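The values are calculated or read from the model by the stated rules, or taken from the named source; none is laboratory data. For clarity, every value in this text was computed on a predicted model and none was experimentally measured. Positions of Cβ are generated from backbone atoms using ideal geometry, with glycine treated the same way; all protein chains shown enter the neighbour counts.
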Amino acid sequence: MKKSIKARIAVLTATLLAVPVVVLGASAGALGEGQIERGDIYYSKNLTSGSNFADPTAADKCDTLQYKILMHNPGATPVTNVTIKVNLSSAATTQNVSTATISAQNAFPATVSDTATVNISTAQSVTYISGSTQLLDHTNTVINNLPDGITGSGVNIGTVGVSVNEVKYVQFKAKIDCPKPECEHDCNPCKDNPNTPGDECHPCVDNPKTPVNECKPTTPPNVPPELPNTGPGDVVAAFIGVTSISSILYYAISRRLAKY
């Protein structure tokens, strides 16, 4: 298992303090050139579970990962035009192995690489998260955001000087695939199947292209006024009312005629 990045920096610091002059020996042809440190320079951690940077890293589906590349120049001169590129496999697998490659214009060797492994509980793919690449200094403080491209043609971080204080890191995030659970019974094609065309679902709820005027509630047709209830009870009441009025009129007329 790789040492942690902090442990690596501690070793580098002690080495530089103890050996101020680096003798290249067999690499005499490289005298005066800068270098790119080789070895354990590429790590990952599981942000979802809160793990530390390591290699390998354990993860599950739907987890978010963060990858980190160490760029150290042990001397003797600054290296320029430093480019970092990562080959992040998108294949669905239980062991995702990616490769980080660092190259520089005037470095010896000109290119170095290292791998980082993520062990996933089920076979899933890993996808780079857009806008997540950053450049950090030796204290892990963000210097600036970097453009997307680390998993493509690579990102250029410029010049890296000599000494531990000139150590740089590049980090980025990736997402493990998060498949939707399969629907076994009573599936709703509009909710459980993202591939169902919108016009097969409720047009006003599931299809944003449905014209607004087709979704407005319709005005109910004119309904004639409700007819009075003409049941047996109402008929009797009406008959009694008419009979009472007739009796009153007959009584009034009879009294009036009696006077003549």
- Note on the structure: Here, strands (runs of 3 or more DSSP E) confined to the stretch 104-153 with at least 3 residues that are farther than 22 Å from Lys61 by Cα are 111-124, 134-136, 142-145
- Query: Among Leu16, Leu70, which is at pLDDT 95 or above and not in a loop (DSSP other than H, G, I, E, B)?
  - Reply: Leu70
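So that you can scan it fast, the table gives a plain yes or no per residue for (1) more than 17 Å from Thr93 (Cβ to Cβ); (2) touching a helix residue (DSSP H, G or I) at 6+ places or on another chain (Cβ under 9 Å):
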{"position": "Glu37", "(1), (2)": "yes, yes"}
{"position": "Ser51", "(1), (2)": "yes, no"}
{"position": "Ala58", "(1), (2)": "no, no"}
{"position": "Lys61", "(1), (2)": "no, no"}
{"position": "Leu65", "(1), (2)": "no, no"}
- What number of residues in the stretch 33-67 are outside any loop (DSSP other than H, G, I, E, B) and under 18 Å from Lys85 (Cα atoms)? 6
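Here is a list: Ala54, Ala92, Ala110, Ala116. Which entry is crowded, with 21+ Cβ neighbours inside 10 Å and assigned by TED's automatic domain parsing to the domain that holds Val155?
Values: Ala54 fails: crowded, with 21+ Cβ neighbours inside 10 Å; Ala92 fails: crowded, with 21+ Cβ neighbours inside 10 Å; Ala110 fails: crowded, with 21+ Cβ neighbours inside 10 Å.
Matching residue, one of Ala54, Ala92, Ala110, Ala116: Ala116.
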